[in-house]
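The values are calculated or read from the model by the stated rules, or taken from the named source; none is laboratory data. Small disclaimer: the values here were computed from a predicted structure and weren't measured. FYI the Cβ positions are ideal-geometry reconstructions off the backbone, even for glycines, and counts take in every protein chain you see. For accessibility, only protein heavy atoms count, side chains too; no ligands or nucleic acids. Shrake-Rupley method; radii C 1.70, N 1.55, O 1.52, S 1.80 Å.
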Amino acid sequence: MADTRITPRKDGPLRVEGDDITLVDEAGNRYDLAGRIAVSLCRCGHSENKPFCDSSHLKVGFAAESAAFSLPPPKPRV
């Protein structure tokens with residue numbers, strides 16, 4: 001199985017690519033992706049088709065960098 005790749009696009013959506021993408025809602029119900037091996041997920045919050053991107057970020061001027069960085073280590077669980 002190929003790895004799934006998630007790419008934050010500069011000033012745009014999260015692009016998810018992979019041979020076996022599973023996307024579920026909060027209740028665990030699967031979205032029917034109709035065999036797609038790539039989808040774009042909204043980051044701007046303005047899509048009329050959430051969680052999917054409909055390019056609303058272009059109209060609202062959404063801005064977000066996409067350069068990779070390192071997260072700090074997680075805090076120990078108590």
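A compact table of results
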item	result
Any strands (runs of 3 or more DSSP E) falling wholly within region 2-76 and containing at least 2 residues that are touching a Lys or Arg at 6+ places or on another chain (Cβ under 6 Å) and hydrophobic (A, V, I, L, M, F, W, C)	none
Selection from region 45-76 of residues that are in contact with an Asp or Glu (Cβ under 9 Å, 6 or more places away or on another chain) and hydrophobic (A, V, I, L, M, F, W, C)	58, 62, 63, 64
Hits in region 35-48 - residues which are surrounded by 14 or more Cβ atoms within 10 Å (Cβ to Cβ) and basic (Lys, Arg)	43
From the options 54, 25, 32, residue that is acidic (Asp, Glu), modelled with pLDDT of 95 or more and surrounded by 10 or more Cβ atoms within 10 Å (Cβ to Cβ)	54
Residue satisfying all of: in region 1-16; free of Cβ contacts under 8 Å to residues at least 24 places away in the same chain, open to solvent by 70 Å² or more (accessible area, probe 1.4 Å) and not polar (S, T, N, Q); farthest from residue 48 (Cα to Cα) among these	1
Count of residues meeting criterion [in contact with a Phe, Trp or Tyr (Cβ under 6 Å, 6 or more places away or on another chain) and more than 21 Å from residue 5 (Cβ to Cβ)] in region 18-43	0
In region 28-65, the residues that are closer than 15 Å to residue 17 by Cβ, in contact with a strand residue (DSSP E or B) (Cβ under 8 Å, 6 or more places away or on another chain) and not aromatic (Phe, Trp, Tyr)	33, 37, 38, 39, 40, 41, 53
